[in-house]
1. Before we move on, is Ile258 closer than 27 Å to Thr189 by Cβ, in contact with a strand residue (DSSP E or B) (Cβ under 7 Å, 6 or more places away or on another chain) and open to solvent by less than 20 Å² (accessible area, probe 1.4 Å)?
2. Which numbered condition in (1) closer than 26 Å to Thr165 by Cβ; (2) crowded, with 21+ Cβ neighbours inside 10 Å is the only one that Pro105 fails?
3. Scanning the range 157-196 for residues that are among the charged types (D, E, K, R), farther than 19 Å from His129 by Cα and open to solvent by less than 60 Å² (accessible area, probe 1.4 Å), which turns out modelled with the lowest pLDDT?
4. Going through the range 178-206 one residue at a time, which ones are of a type outside the set (A, V, I, L, M, F, W, C) and touching a residue at least 60 places away in the same chain (Cβ under 8 Å)?
5. Regarding Asp216, is this residue surrounded by 21 or more Cβ atoms within 10 Å (Cβ to Cβ) and more than 23 Å from Gly73 (Cα to Cα)?
6. Quick one: in the range 108-142, which of the residues that are in contact (Cβ under 8 Å) with a residue 60 or more places away in the chain and not polar (S, T, N, Q) is nearest to Ser49 (Cα to Cα)?
7. I'm checking my understanding of the structure. Among residues of the range 128-156 that are in a strand (DSSP E or B) and over 18 Å from the mean Cα position of the chain (by Cα), which one is surrounded by the most Cβ atoms within 10 Å (Cβ to Cβ)?
8. All but one of (1) open to solvent by less than 10 Å² (accessible area, probe 1.4 Å); (2) among the β-branched types (Val, Ile, Thr); (3) out of contact with any strand residue (DSSP E or B) (no Cβ under 8 Å at 6 or more places or on another chain) hold for Thr19; state the number of the condition that does not hold.
Amino acid sequence: MVKLIACDIDGTLIPYGQTDLPQALFPLVRALGEKGILFCPASGRQYHSLRRLFAPVADTACFLCENGAAIFGPGPEEDTAPLLSKTVFPRKEALALCRDIMACPEADIFISGQNTTYVCGCDETLIHHTQSILGNRLSEVNDPEEVAEDIIKISAYCPGGIADTFTRLGTWGKVFRMAEAGPMWVDFTLSDKGTGITALCQALGIDLSDVAAFGDNWNDLAMLQTVGHPWLMSNADPRLKELIPRHCDDPLVVMEAILAGEYPAKE
């Protein structure tokens, strides 16, 4: 029995290069909720961005944000929804990683607090995209030291591709979780979507075996390996497809089957 559906956004619900969710998703999420099945966007995006993106159903959804570093329960308003879990970087190591990312000529740095993204030295086009297209709550700083709140995620944005950044910053993968989060993003956290979905289920009293999850990339793997009903997008990396054998072209088709009681098949 499925009691919770967790779904990645970019590359899963929204193809790379596009910005809008399928409109059929919102009535489907409402119908699932009427049957007692919760829906949870599971993303590297920040909470403010996700609330805006899922505005028609934001009052009933849970939110796994910043690759599991911040988990929010359902709530009618953004500022009053319960924070169920937050995983914080040790500050000294976080600032050292920031310095190393800023030394990469091919990368821009994004520093995540609980509900604000901090940028340092980014050009105006990228800032506009982050605010207007991604919908992030954003603040510009001159130096990472100026970020006064807890740091929960650090990202390198690499418009030319992530290969060089992975090579330059590879040793940080021994300190933090380092994951490809799309063709232009490298994310660093102390959490991942697996620890995030575990924390969410513990808070809600839901067994992980009763969770369906959808993803397309390596930062989704821990979540997919944690839940009882993992689904990988059919166009994912072939190496991922070897690890997650259940594949789909459209999460909404599987969600409709869950709503209809056709999945998982009855014994």
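The values are calculated or read from the model by the stated rules, or taken from the named source; none is laboratory data. Computed from a predicted model, the values in this text were never measured in an experiment. Neighbour counts run over all protein chains shown; Cβ positions are idealised from the backbone, glycine included. Only protein heavy atoms, including side chains, enter the accessible area calculation; ligands, DNA and RNA are left aside. Shrake-Rupley method; radii C 1.70, N 1.55, O 1.52, S 1.80 Å.
1. Working: closer than 27 Å to Thr189 by Cβ: no; in contact with a strand residue (DSSP E or B) (Cβ under 7 Å, 6 or more places away or on another chain): yes; open to solvent by less than 20 Å² (accessible area, probe 1.4 Å): yes.
Here the answer is no, as Ile258 does not meet what is asked.
2. Pro105 satisfies all of (1) closer than 26 Å to Thr165 by Cβ; (2) crowded, with 21+ Cβ neighbours inside 10 Å except (2).
3. Step one: list which residues in the range 157-196 are among the charged types (D, E, K, R), which gives 164, 168, 174, 177, 180, 187, 192-193.
Imposing the further condition that a residue be farther than 19 Å from His129 by Cα reduces the set to 164, 168, 174, 177, 180, 192-193.
Cutting the leftovers down to open to solvent by less than 60 Å² (accessible area, probe 1.4 Å) gives us 180, 192-193.
On the way: Glu180: 84, Asp192: 93, Lys193: 95.
Among them, the one singled out is Glu180.
4. Initially, the range 178-206 is screened for residues of a type outside the set (A, V, I, L, M, F, W, C), giving 180, 182-183, 187, 189, 191-196, 198, 202, 205.
Result: Gly182, Pro183, Asp187, Thr189, Ser191, Asp192, Lys193, Gly194, Thr195, Gly196.
5. Working: surrounded by 21 or more Cβ atoms within 10 Å (Cβ to Cβ): yes; more than 23 Å from Gly73 (Cα to Cα): yes.
Yes: the conditions hold for Asp216.
6. Looking at the filtered set, the residue picked out is Gly135.
7. First, the residues of the range 128-156 that are in a strand (DSSP E or B): 138-140, 153-156.
Remaining after also requiring over 18 Å from the mean Cα position of the chain (by Cα): 139-140.
Details: Ser139: 13, Glu140: 11.
Going through the qualifying residues, I end up with Ser139.
8. (1)
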